[in-house]
Amino acid sequence: LVTRMRAFGTTIFAQMSALALETGSVNLGQGFPDTDGPAEILEAATRAINSGHNQYPPGPGVLPLREAISEHQLTYYGLDYDPNGEILVTAGATEAITAAILALCEPGDEVIAFEPTYDSYAASIAMAHAVLKPVRLDGPDFALDHDRLLAQVTDRTKLLLINTPHNPTGRVLTETELGWIRDLAVERDLIVITDEVYEHLVYEGVHRPLATFEGMRERTIQVSSAGKTFAVTGWKVGWVCSTPELVSAVTTTKQFLTFVNAGPLQYAVAEGLRLPPERLAEVGQRLKAARDQLAEGLTSAGIPPFRCQGTYFLTSDVSVLGYDDGVDFCFDLPKKVGVVAIPSRLFYLDPGPAKSYVRFAFCKKPAVLAEAAERLARLR
Ligand code: PMP
Ligand code: GLN
């Protein structure tokens, strides 16, 4: 069947998770934790179901969650969003980003995004008949190149879609880099979608939302989600914070994608966002130790990872093992040693030196990472 989106096929994450099951491999491919988030929110979800919050929630999301998101933005970033009109709850960050692109892009409009690009971006841009204009971040440090950013701007540029902390590289944008994006957006009157799903999974450096820069609150669509912060990726509760005008535009498209979502879970996420900061930070602390453990395992296996400041992911260059293509490596790895990983080149239109980069997820229990390290050591 010839369909418009056929080129996107089945996502690499679904393919590799299936391969992990089939081969009994340790799955360091798709980024999902093997430990659920704080007990408080799991209990809150059950309570919400048992107390009858099981019908359609209100269009913008349940008020306690919108209030909790508003408080969270104020407490952590000093950003002030009105729960009535400036916050919309979505089916994960994925829907938030898709709904924003569909709301704002006309056919042929251009969306600038970092490359490697999280897989749903290219698909959502294609659904809107818009065009992805990638700005490549190169290893080893994956810094933003100012000239490369400016070179992608044209008269058709409509949106910037930025992701920090960045999947798959683990990079956290610096103040200087954010400043370049701010200056460009203000000068060219552009709207920026900021994908901040890993905002609380930062191990080095600081996450600063672009909306905190002068002139940016009114042109930023801030996106985040509960999945990563609370280690509940299956809940798919995300949100958008922006101006009433932009939130209303995104709401119009969201209405006809899912209408509303995850009623009872919204109450639980509200409780999660109100956890004391030390408790909220615990998921990140556990993951920092996991990052260090897997980094050591990859180094011992002869494929030392690049620096990673945040997210769930480490990246290694497997060319040192004689592979010039990470796809070949990732299809050999389960058979050879029983580990699944993701070839980073699939996140690029033109991977350049990243053709041999491979992404490993470390959001796993210490025993699982130890087993993976033992298996990876057989590569030597
Ligand atoms: N953006 C990035 C960068 C991600 O890594 C992910 C998910 N893993 C998402 C968006 C999607 O988040 P959600 O599950 O909340 O839709
Ligand atoms: N965001 C997760 C990752 O990067 C996967 C989510 C998905 O499978 N769509 O691995």
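So, in the range 1-33, of the ones that are within 15 Å of ligand 1 (Cβ to nearest atom) and assigned to a loop (DSSP other than H, G, I, E, B), which residue ends up farthest from residue 297 (Cα to Cα)? I'd like the intermediate steps shown before the answer.
First, the residues of the range 1-33 that are within 15 Å of ligand 1 (Cβ to nearest atom): 11-14, 16-17, 27-33.
Of the ones still in play, those that are also assigned to a loop (DSSP other than H, G, I, E, B) are 11, 28-33.
Values: 11: 27, 28: 13, 29: 16, 30: 19, 31: 18, 32: 19, 33: 18 Å.
Per the criteria, the residue is 11.
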Hits in the range 358-378 - residues which are outside any helix (DSSP H, G or I) and crowded, with 17+ Cβ neighbours inside 10 Å = 358, 359, 360, 361, 362, 363, 364
Matching option when the condition is out of contact with any Phe, Trp or Tyr (no Cβ under 7 Å at 6 or more places or on another chain) and either part of a loop (DSSP other than H, G, I, E, B) or of a type in the set (Val, Ile, Thr) (or both), among 206, 135 | 206
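Within the range 153-173, track down each residue that is away from ligand 1 (no atom under 16 Å from the Cβ) and either part of a strand (DSSP E or B) or crowded, with 16+ Cβ neighbours inside 10 Å (or both). Let's see the steps before the verdict.
Step one: of the range 153-173, the residues away from ligand 1 (no atom under 16 Å from the Cβ) are 153-158.
Matches in the range 153-173: 153, 157, 158.
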Taking the range 21-54 as the search range and keeping residues that are in contact with a Pro (Cβ under 7 Å, 6 or more places away or on another chain) and closer than 25 Å to residue 361 by Cβ, which one is surrounded by the fewest Cβ atoms within 10 Å (Cβ to Cβ)?
-> 23
Taking the residues in the range 346-357 that are closer than 29 Å to residue 289 by Cβ and either part of a loop (DSSP other than H, G, I, E, B) or under 17 Å from the mean Cα position of the chain (by Cα) (or both) as candidates, determine which candidate is nearest to ligand 1 (Cβ to nearest atom).
-> 347
Kindly indicate which of 123, 96 is within 15 Å of ligand 1 (Cβ to nearest atom), surrounded by fewer than 20 Cβ atoms within 10 Å (Cβ to Cβ) and part of a helix (DSSP H, G or I).
-> 123
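Matching residues to (1) within 16 Å of ligand 2 (Cβ to nearest atom); (2) touching a residue at least 60 places away in the same chain (Cβ under 8 Å); (3) in the same structural domain as residue 121 (by TED's automatic domain parsing); (4) within 22 Å of the chain's Cα centre (by Cα):
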{"residue": "48", "(1), (2), (3), (4)": "no, yes, yes, no"}
{"residue": "53", "(1), (2), (3), (4)": "no, yes, yes, no"}
{"residue": "69", "(1), (2), (3), (4)": "no, yes, yes, yes"}
{"residue": "91", "(1), (2), (3), (4)": "yes, yes, yes, yes"}
{"residue": "98", "(1), (2), (3), (4)": "yes, yes, yes, yes"}
{"residue": "103", "(1), (2), (3), (4)": "no, yes, yes, yes"}
Of the candidates 208, 217, the one satisfying the condition of being within 17 Å of the chain's Cα centre (by Cα), closer than 16 Å to residue 161 by Cα and away from ligand 1 (no atom under 16 Å from the Cβ) is 208
State the number of residues belonging to the range 307-331 that are assigned to a loop (DSSP other than H, G, I, E, B), more than 13 Å from ligand 2 (Cβ to nearest atom) and either at positive phi or in contact with a Leu (Cβ under 7 Å, 6 or more places away or on another chain) (or both).
-> 2
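Out of the residues in the range 248-264 that are of a type outside the set (D, E, K, R) and crowded, with 24+ Cβ neighbours inside 10 Å, state the one that is farthest from ligand 1 (Cβ to nearest atom).
So the first thing to find is which residues in the range 248-264 are of a type outside the set (D, E, K, R), and the list is 248-253, 255-264.
Now narrow it down to the ones that are crowded, with 24+ Cβ neighbours inside 10 Å: 250, 262.
On the way: 250: 14, 262: 11 Å.
It comes out as 250.
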Given (1) within 30 Å of residue 13 (Cα to Cα); (2) not in a loop (DSSP other than H, G, I, E, B), residue 37 misses just (2)
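The values are calculated or read from the model by the stated rules, or taken from the named source; none is laboratory data. Because the structure is a prediction, the values reported are computed rather than measured. Cβ: placed from backbone, ideal geometry, glycine included. Neighbour counts: every protein chain shown.
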